[in-house]
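One structure below.
The values are calculated or read from the model by the stated rules, or taken from the named source; none is laboratory data. Predicted model, so just to flag it, every value in this text is computed and none were measured. Because the Cβ atoms are built from the backbone with ideal geometry, glycine has one as well, and the counts that use them run over all protein chains shown. Please note that ligands, DNA and RNA were not included when accessible areas were found on the heavy atoms of the full protein model with its side chains. Shrake-Rupley method; radii C 1.70, N 1.55, O 1.52, S 1.80 Å.
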Amino acid sequence: MRIGVLDIGSNTGHLLVVDAYRGAPPLPAFTYKEPLRLAEHLDDDGAVDARGVKALVRFVDEARAVAAEKGCAEVIAFATSAVRDAVNADAVLAKVESESGVRLDVLSGDEEARLTFLAVRRWFGWSSGRLGVFDIGGGSLEIATGRDETPEVCTSLPLGAGRMTREWFPEGVPTDDQYEALRLFVRQQIAESAGTLRRGGGFDHVVATSKTFRSLARLSGAAPSEAGPYARRVLRHDVLRAQLEELRTMSLAEIAQQPGVSANRAHQMVAGAVVADAVMDLFELPELEICPWALREGVLLERHDHM
(Lines give C-alpha, C1' and ligand atoms only; values in the text may rest on other atoms or scores of the structure.)
Protein backbone atom coordinates (compact mmCIF):
# COMPACT_ATOMS: atom_id res chain seq x y z
CA MET A 1 0.00 0.00 0.00
CA ARG A 2 1.40 3.40 -0.95
CA ILE A 3 0.90 6.06 1.72
CA GLY A 4 1.83 9.72 1.89
CA VAL A 5 2.85 11.30 5.18
CA LEU A 6 2.47 15.09 5.07
CA ASP A 7 4.33 16.79 7.91
CA ILE A 8 3.83 20.53 8.45
CA GLY A 9 6.65 21.44 10.79
CA SER A 10 7.82 24.74 12.18
CA ASN A 11 10.57 24.94 9.55
CA THR A 12 9.56 22.75 6.64
CA GLY A 13 6.60 21.20 4.91
CA HIS A 14 7.53 17.64 3.97
CA LEU A 15 5.62 14.97 2.07
CA LEU A 16 7.12 11.49 2.38
CA VAL A 17 5.69 8.83 0.06
CA VAL A 18 6.32 5.25 1.20
CA ASP A 19 5.35 1.73 0.26
CA ALA A 20 4.07 0.00 3.38
CA TYR A 21 3.89 -3.76 3.77
CA ARG A 22 2.82 -5.79 6.78
CA GLY A 23 5.83 -7.34 8.48
CA ALA A 24 8.36 -5.11 6.71
CA PRO A 25 9.78 -1.62 7.28
CA PRO A 26 8.21 1.17 5.20
CA LEU A 27 10.15 1.73 2.00
CA PRO A 28 10.62 5.41 1.00
CA ALA A 29 9.56 6.01 -2.61
CA PHE A 30 9.51 9.79 -3.03
CA THR A 31 9.94 12.97 -1.04
CA TYR A 32 8.69 16.51 -1.66
CA LYS A 33 9.47 19.38 0.68
CA GLU A 34 9.69 23.13 0.98
CA PRO A 35 11.04 25.51 3.66
CA LEU A 36 7.90 27.23 5.00
CA ARG A 37 9.45 28.74 8.16
CA LEU A 38 6.07 29.00 9.84
CA ALA A 39 7.74 29.65 13.19
CA GLU A 40 9.08 32.86 11.68
CA HIS A 41 5.70 33.89 10.25
CA LEU A 42 4.12 34.61 13.63
CA ASP A 43 3.08 38.20 14.24
CA ASP A 44 3.37 40.08 17.54
CA ASP A 45 0.11 38.53 18.75
CA GLY A 46 1.29 34.97 18.06
CA ALA A 47 -0.83 34.43 14.93
CA VAL A 48 0.44 32.97 11.66
CA ASP A 49 0.53 35.99 9.37
CA ALA A 50 -1.15 36.23 5.97
CA ARG A 51 2.06 35.46 4.11
CA GLY A 52 2.63 32.32 6.16
CA VAL A 53 -0.95 31.13 5.68
CA LYS A 54 -0.73 31.68 1.92
CA ALA A 55 2.52 29.69 1.68
CA LEU A 56 1.06 26.90 3.80
CA VAL A 57 -2.14 26.58 1.75
CA ARG A 58 -0.18 26.56 -1.51
CA PHE A 59 2.25 23.89 -0.29
CA VAL A 60 -0.46 21.60 1.13
CA ASP A 61 -2.42 21.82 -2.13
CA GLU A 62 0.73 21.04 -4.14
CA ALA A 63 1.61 18.14 -1.82
CA ARG A 64 -1.90 16.72 -2.22
CA ALA A 65 -1.47 16.79 -5.99
CA VAL A 66 1.98 15.21 -5.78
CA ALA A 67 0.67 12.42 -3.53
CA ALA A 68 -2.11 11.68 -6.01
CA GLU A 69 0.34 11.73 -8.92
CA LYS A 70 2.57 9.24 -7.10
CA GLY A 71 -0.33 6.88 -6.54
CA CYS A 72 -0.91 7.28 -2.81
CA ALA A 73 -4.01 5.46 -1.57
CA GLU A 74 -3.99 7.55 1.60
CA VAL A 75 -2.36 10.71 2.91
CA ILE A 76 -1.78 11.17 6.64
CA ALA A 77 -1.46 14.91 7.23
CA PHE A 78 -0.45 16.60 10.46
CA ALA A 79 0.98 19.81 11.85
CA THR A 80 3.22 20.42 14.84
CA SER A 81 4.45 23.27 17.02
CA ALA A 82 4.08 26.34 14.78
CA VAL A 83 0.42 25.68 13.98
CA ARG A 84 -0.31 24.18 17.41
CA ASP A 85 0.90 27.30 19.24
CA ALA A 86 -0.59 29.89 16.88
CA VAL A 87 -3.49 31.87 18.35
CA ASN A 88 -5.29 31.61 15.00
CA ALA A 89 -4.68 27.86 14.61
CA ASP A 90 -8.37 27.03 14.06
CA ALA A 91 -8.71 29.63 11.32
CA VAL A 92 -5.50 28.47 9.64
CA LEU A 93 -6.61 24.82 9.68
CA ALA A 94 -10.04 25.73 8.32
CA LYS A 95 -8.53 27.74 5.46
CA VAL A 96 -6.13 24.93 4.56
CA GLU A 97 -8.98 22.42 4.46
CA SER A 98 -11.36 24.65 2.50
CA GLU A 99 -8.79 25.56 -0.17
CA SER A 100 -6.86 22.30 -0.50
CA GLY A 101 -9.30 19.68 0.71
CA VAL A 102 -6.68 18.39 3.17
CA ARG A 103 -7.48 18.17 6.87
CA LEU A 104 -4.43 18.68 9.06
CA ASP A 105 -4.44 16.98 12.44
CA VAL A 106 -2.53 18.94 15.07
CA LEU A 107 -0.24 16.81 17.22
CA SER A 108 0.36 17.77 20.83
CA GLY A 109 3.93 18.01 22.07
CA ASP A 110 3.53 14.77 24.02
CA GLU A 111 2.22 13.02 20.89
CA GLU A 112 5.26 14.22 18.97
CA ALA A 113 7.55 12.82 21.66
CA ARG A 114 5.65 9.52 21.85
CA LEU A 115 5.59 8.91 18.10
CA THR A 116 9.22 9.87 17.64
CA PHE A 117 10.10 7.47 20.45
CA LEU A 118 8.16 4.71 18.67
CA ALA A 119 10.17 5.30 15.49
CA VAL A 120 13.48 5.18 17.34
CA ARG A 121 12.49 2.02 19.22
CA ARG A 122 11.57 0.26 15.99
CA TRP A 123 14.81 1.34 14.33
CA PHE A 124 17.15 0.19 17.11
CA GLY A 125 15.03 -2.62 18.58
CA TRP A 126 14.62 -4.11 22.03
CA SER A 127 18.34 -4.66 22.57
CA SER A 128 18.66 -0.91 23.22
CA GLY A 129 17.05 -1.40 26.62
CA ARG A 130 15.97 1.82 28.30
CA LEU A 131 15.99 4.44 25.56
CA GLY A 132 16.46 8.17 25.94
CA VAL A 133 15.31 10.08 22.86
CA PHE A 134 15.91 13.77 22.13
CA ASP A 135 14.48 15.72 19.20
CA ILE A 136 15.11 19.42 18.49
CA GLY A 137 12.51 20.74 16.07
CA GLY A 138 11.85 24.22 14.80
CA GLY A 139 9.42 25.10 17.57
CA SER A 140 10.01 22.61 20.37
CA LEU A 141 12.34 20.13 22.04
CA GLU A 142 10.86 16.68 22.63
CA ILE A 143 12.32 14.26 25.18
CA ALA A 144 11.10 10.73 25.89
CA THR A 145 12.39 7.73 27.79
CA GLY A 146 11.32 4.17 28.48
CA ARG A 147 11.85 0.44 27.96
CA ASP A 148 8.79 -0.29 25.80
CA GLU A 149 7.38 1.11 22.55
CA THR A 150 5.41 3.67 24.52
CA PRO A 151 7.65 5.92 26.62
CA GLU A 152 7.34 5.93 30.39
CA VAL A 153 7.90 9.68 30.47
CA CYS A 154 7.81 12.23 27.70
CA THR A 155 7.79 16.00 27.56
CA SER A 156 7.79 18.83 25.05
CA LEU A 157 9.52 22.12 25.78
CA PRO A 158 9.22 25.33 23.70
CA LEU A 159 12.94 25.29 22.87
CA GLY A 160 12.98 24.68 19.12
CA ALA A 161 15.85 26.08 17.08
CA GLY A 162 13.60 28.35 15.01
CA ARG A 163 11.68 29.66 18.01
CA MET A 164 14.86 30.40 20.00
CA THR A 165 16.44 32.15 17.03
CA ARG A 166 13.40 34.35 16.47
CA GLU A 167 12.99 35.25 20.14
CA TRP A 168 16.63 35.66 21.18
CA PHE A 169 18.69 36.49 18.07
CA PRO A 170 16.57 39.06 16.18
CA GLU A 171 19.58 40.36 14.23
CA GLY A 172 20.74 36.92 13.14
CA VAL A 173 24.26 36.64 14.52
CA PRO A 174 23.99 36.88 18.34
CA THR A 175 25.88 39.31 20.49
CA ASP A 176 27.78 37.86 23.46
CA ASP A 177 25.03 39.05 25.82
CA GLN A 178 22.26 37.50 23.70
CA TYR A 179 24.14 34.24 23.44
CA GLU A 180 24.74 33.99 27.18
CA ALA A 181 21.15 34.93 28.00
CA LEU A 182 19.81 32.19 25.72
CA ARG A 183 22.29 29.65 27.05
CA LEU A 184 21.18 30.17 30.66
CA PHE A 185 17.47 30.32 29.75
CA VAL A 186 17.62 27.00 27.88
CA ARG A 187 19.44 25.30 30.74
CA GLN A 188 16.89 26.51 33.26
CA GLN A 189 13.99 25.24 31.14
CA ILE A 190 15.53 21.80 30.61
CA ALA A 191 16.62 21.45 34.23
CA GLU A 192 13.01 21.83 35.38
CA SER A 193 12.13 18.60 33.56
CA ALA A 194 15.37 16.69 34.02
CA GLY A 195 14.50 15.23 37.42
CA THR A 196 11.26 13.66 36.23
CA LEU A 197 12.94 12.16 33.18
CA ARG A 198 15.85 10.74 35.19
CA ARG A 199 13.76 9.32 38.02
CA GLY A 200 13.23 5.99 36.27
CA GLY A 201 16.97 5.37 36.08
CA GLY A 202 19.75 5.90 33.60
CA PHE A 203 19.69 5.32 29.86
CA ASP A 204 21.01 2.17 28.20
CA HIS A 205 21.00 3.86 24.80
CA VAL A 206 20.74 7.59 24.12
CA VAL A 207 19.54 8.75 20.72
CA ALA A 208 18.97 12.05 18.92
CA THR A 209 16.85 12.51 15.83
CA SER A 210 15.57 15.07 13.32
CA LYS A 211 17.29 17.69 11.21
CA THR A 212 19.01 19.88 13.81
CA PHE A 213 20.81 16.99 15.49
CA ARG A 214 21.67 15.44 12.11
CA SER A 215 23.18 18.72 10.92
CA LEU A 216 25.18 19.14 14.12
CA ALA A 217 26.48 15.59 13.84
CA ARG A 218 27.51 16.19 10.23
CA LEU A 219 29.23 19.44 11.24
CA SER A 220 31.12 17.43 13.85
CA GLY A 221 32.40 14.88 11.35
CA ALA A 222 29.62 12.29 11.01
CA ALA A 223 29.12 10.49 7.70
CA PRO A 224 27.26 12.42 4.98
CA SER A 225 23.78 11.41 3.82
CA GLU A 226 25.34 9.75 0.78
CA ALA A 227 26.70 7.03 3.10
CA GLY A 228 23.13 5.80 3.55
CA PRO A 229 20.83 5.38 6.55
CA TYR A 230 22.71 2.42 8.04
CA ALA A 231 25.99 4.26 8.59
CA ARG A 232 26.47 4.77 12.32
CA ARG A 233 26.50 8.46 13.20
CA VAL A 234 27.16 10.02 16.58
CA LEU A 235 27.36 13.50 18.03
CA ARG A 236 30.09 13.80 20.66
CA HIS A 237 29.64 16.45 23.32
CA ASP A 238 33.26 17.59 23.38
CA VAL A 239 33.25 18.05 19.61
CA LEU A 240 29.89 19.85 19.72
CA ARG A 241 31.19 22.33 22.30
CA ALA A 242 34.20 23.17 20.17
CA GLN A 243 31.96 23.49 17.11
CA LEU A 244 29.57 25.79 18.98
CA GLU A 245 32.37 28.18 19.87
CA GLU A 246 33.22 28.43 16.17
CA LEU A 247 29.62 28.74 14.98
CA ARG A 248 28.79 31.66 17.23
CA THR A 249 31.54 33.77 15.64
CA MET A 250 30.61 32.97 12.02
CA SER A 251 28.45 34.99 9.68
CA LEU A 252 25.29 33.34 8.35
CA ALA A 253 26.96 32.99 4.95
CA GLU A 254 29.88 31.14 6.55
CA ILE A 255 27.56 28.83 8.51
CA ALA A 256 25.62 28.03 5.34
CA GLN A 257 28.83 26.80 3.72
CA GLN A 258 29.48 24.22 6.44
CA PRO A 259 28.90 20.51 5.68
CA GLY A 260 25.39 19.33 6.42
CA VAL A 261 23.91 22.82 6.80
CA SER A 262 21.23 23.96 4.36
CA ALA A 263 20.97 27.65 3.51
CA ASN A 264 17.44 27.93 4.91
CA ARG A 265 18.54 26.58 8.33
CA ALA A 266 21.89 28.32 8.69
CA HIS A 267 20.44 31.09 10.85
CA GLN A 268 19.12 28.50 13.37
CA MET A 269 22.31 26.51 13.87
CA VAL A 270 23.69 28.47 16.81
CA ALA A 271 20.43 28.29 18.77
CA GLY A 272 20.06 24.61 17.91
CA ALA A 273 23.60 23.92 19.09
CA VAL A 274 22.93 25.79 22.35
CA VAL A 275 19.94 23.52 23.03
CA ALA A 276 21.89 20.39 22.09
CA ASP A 277 24.80 21.41 24.34
CA ALA A 278 22.44 21.98 27.28
CA VAL A 279 20.77 18.58 26.75
CA MET A 280 24.07 16.73 26.68
CA ASP A 281 25.49 18.61 29.66
CA LEU A 282 22.45 18.41 31.96
CA PHE A 283 21.82 14.73 31.21
CA GLU A 284 25.57 13.99 31.35
CA LEU A 285 25.70 12.48 27.86
CA PRO A 286 29.17 12.17 26.29
CA GLU A 287 27.58 11.25 22.95
CA LEU A 288 24.26 10.81 21.18
CA GLU A 289 23.65 8.30 18.40
CA ILE A 290 21.72 9.72 15.46
CA CYS A 291 18.60 7.86 14.30
CA PRO A 292 17.44 8.32 10.68
CA TRP A 293 13.81 7.74 11.67
CA ALA A 294 11.81 10.40 13.47
CA LEU A 295 8.26 11.76 13.76
CA ARG A 296 7.08 11.06 10.20
CA GLU A 297 8.14 7.44 10.49
CA GLY A 298 6.49 7.18 13.91
CA VAL A 299 3.18 8.44 12.51
CA LEU A 300 3.45 6.00 9.63
CA LEU A 301 4.38 3.04 11.85
CA GLU A 302 1.39 3.62 14.12
CA ARG A 303 -0.91 3.75 11.08
CA HIS A 304 0.84 0.70 9.65
CA ASP A 305 0.20 -1.25 12.87
CA HIS A 306 -3.55 -0.72 12.38
CA MET A 307 -3.69 -1.59 8.67
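Please compute the per residue accessible area over the chain with all protein chains in place, 1.4 Å probe, rounded to a whole number of Å². Could the numbers behind the result be given before it?
Working: 13310 Å² over 307 residues.
So the chain comes to 43 Å² accessible per residue, rounded to a whole number.
Just flag the trypsin sites (Lys or Arg not before Pro) in segment 1-85 sitting in loop per DSSP whose Cβ has no more than 14 other Cβ atoms within 10 Å.
On the way: sites: Arg2, Arg22, Lys33, Arg37, Arg51, Lys54, Arg58, Arg64, Lys70, Arg84; in loops: Arg22, Arg37, Lys70.
Here the sparse-neighbourhood loop sites are Arg22, Lys70.
Before anything else, pin down the relative contact order of segment 76-171: Cα pairs under 8 Å, at least 6 apart, normalised by residue count, whole percent. Intermediate results must be reported in sequence, preceding the final value.
On the way: 146 pairs, mean separation 21.9, N = 96.
Relative contact order comes out at 23 percent.
Let me make sure I get this right: for segment 63-207, a, b and c are the square roots of the gyration tensor eigenvalues over alpha carbons, sorted descending. Under 1.5 in a/c it's rounded, otherwise prolate if a/b > b/c, else oblate. Which is it? If you can, show how the numbers build up before the last one.
On the way: a/c = 2.29, a/b = 1.16, b/c = 1.97.
Judged from the Cα gyration tensor, segment 63-207 comes out oblate (a/c at least 1.5, b/c at or above a/b).
Plugging the Kirkwood radius over Cα pairs into Stokes-Einstein for segment 53-133, at a temperature of 20 °C and a viscosity of 1.002 mPa s, what D comes out in µm²/s?
Roughly 147 µm²/s, to the nearest whole number.
Which of the chymotrypsin sites (Phe, Trp or Tyr not before Pro) found in segment 218-304 are in a DSSP loop and have at most 13 neighbouring Cβ atoms, other than their own, within 10 Å? Don't skip to the answer; put the middle values down first.
Values: sites: Tyr230, Phe283, Trp293; in loops: Tyr230, Phe283, Trp293.
Those that pass, being in a loop and sparsely packed, are Tyr230.
Relative contact order (percent) for segment 56-111, with alpha-carbon contacts under 8 angstrom and 6 or more residues of separation? Mind showing how you got there, number by number?
Details: 49 pairs, mean separation 26.3, N = 56.
After rounding, I find 47 percent.
³J(HN,Hα) across segment 175-186 via Karplus (A = 6.51, B = -1.76, C = 1.60, θ = phi - 60°), whole Hz, x for Gly/Pro?
Karplus values, whole Hz, x for Gly and Pro: 6, 4, 5, 5, 4, 5, 5, 5, 4, 6, 4, 4.
Could you work out the equivalent-ellipsoid semi-axes for segment 172-246, taking the square root of 5 times each eigenvalue of the Cα gyration tensor, largest first, in whole Å?
Numbers: eigenvalues 122, 94, 19 Å².
The equivalent ellipsoid of segment 172-246 has semi-axes of 25, 22, 10 Å.
Check which residues have an amide H placed less than 5 Å from Leu36's amide H, if you skip close sequence neighbours.
Amide H neighbours of Leu36, under 5 Å, 5+ apart: Thr12, Gly13.
Among DSSP beta bridges whose residues both lie in the chain, state the antiparallel percentage, nearest 5. It would help to have the intermediate numbers written out before the result.
Details: 30 of 46 bridges.
Around 65 percent antiparallel, to the nearest 5.
Skipping prolines and chain starts, which residues have an amide H placed within reach, meaning under 5 Å, of the one on Gly137, given they are 5 or more residues away or on another chain?
Amide H neighbours of Gly137, under 5 Å, 5+ apart: Glu142, Ala161.
State the extension gain, in nm to one decimal, for the chain segment bounded by Ala242 and Asp19, taking 0.36 nm per residue of separation less the distance between their alpha-carbons. Could the numbers behind the result be given before it?
Working: separation 223, 0.36 × 223 = 80.28 nm, distance 4.11 nm.
That pair, Ala242 and Asp19, stretches by 76.2 nm at full extension.
So how much slack lies between Arg51 and Thr175, counting 0.36 nm per residue of separation and subtracting their Cα-Cα distance, in nm?
Working: separation 124, 0.36 × 124 = 44.64 nm, distance 2.92 nm.
Net length gain for the segment: 41.7 nm.
How would Leu244, Leu184 line up by accessible area, probe 1.4 Å, largest first? Before the final figure, lay out the partial values.
On the way: Leu244 5, Leu184 95 Å².
Solvent-accessible surface, decreasing: Leu184, Leu244.
HN-Hα J couplings of segment 244-256 from phi, Karplus 6.51/-1.76/1.60, θ = phi - 60°, integer Hz, Gly and Pro as x?
The phi angles translate into 4, 4, 6, 4, 5, 9, 8, 6, 4, 5, 5, 4, 5 Hz.
Which residues' amide hydrogens lie under 5 Å from the amide hydrogen of Ile290, considering only partners 5 or more residues apart or on another chain, with H built in the peptide plane?
Ala208, Arg233, Val234, Leu235
Roll a 1.4 angstrom probe over the protein heavy atoms and tell me the percent of accessible area of the chain that is carbon or sulfur.
Numbers: 6500 of 13310 Å².
Of all accessible area on the chain, carbon and sulfur atoms account for 49 percent.
Compactness ratio of the chain: Cα Rg over 2.2 N^0.38 Å, N = residue count?
Values: Rg = 18.5 Å, N = 307, 2.2 N^0.38 = 19.4 Å.
My calculation over the Cα atoms of the chain gives 0.96.
Give the residues of segment 158-191 whose amide nitrogen is closer than 18 Å to a point set 7 Å from the Cα of Thr249 in the direction of its Cβ.
Label zone hits: 173-180.
Considering Cα pairs under 8 angstrom that are at least six residues apart, work out the relative contact order of the chain and quote it in whole percent.
On the way: 587 pairs, mean separation 54.5, N = 307.
Result for the chain is 18 percent.
Under the Karplus relation 6.51 cos²θ - 1.76 cosθ + 1.60, θ = phi - 60°, what is the ordered set of whole-Hz ³J(HN,Hα) values for segment 296-303, x standing for Gly and Pro?
4, 5, x, 4, 5, 4, 5, 5
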